[in-house]
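Here, each number is a calculation from the coordinates, and none is a lab measurement. What you see is a predicted model, and the numbers here were worked out from it, not measured in a lab.
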Amino acid sequence: MYMCLCKGITESEVRAAGRAGIVMANQLKTKFDLKCHGCCGRCAKNIHEFVEVAAQGAATSCPR
Ligand code: FES
């Protein structure tokens, strides 16, 4: 499922970012460039959705 239509960011990409330790709102905004010129801004406004999905990814990451 797409989480950001402007940039074509999928839920699995955000989950993978979480597995890589990127779980804070500002980290996610930077990684996915959610403040870019030409974006609608919906994602930056609803960044908590990204944080939730990234946290799910972090919770399922393997410690190895
Ligand atoms: S849908 Fe993500 S910035 Fe527009």
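For K7, the aspartates and glutamates whose Cα falls under 14 Å of its own Cα, not counting residues fewer than eight places away in the same chain, are D33. Each Cα pair under 8 Å and six or more residues apart adds its separation to the average, and for the chain the resulting relative contact order is 42 percent.
Taking only the C-alpha atoms of the chain, Rg followed by Dmax gives 11.2, 39 Å. Taking the helices alone, the chain has a mean residue ellipticity at 222 nm of -14000 deg cm²/dmol, built from -39,500 (n - 2.57) per DSSP H run of at least 4 residues and averaged over all its residues. Amide H contacts for C4 (H built 1.01 Å from N in the peptide plane; partners 5 or more residues away or on another chain; cut-off under 5 Å): I9.
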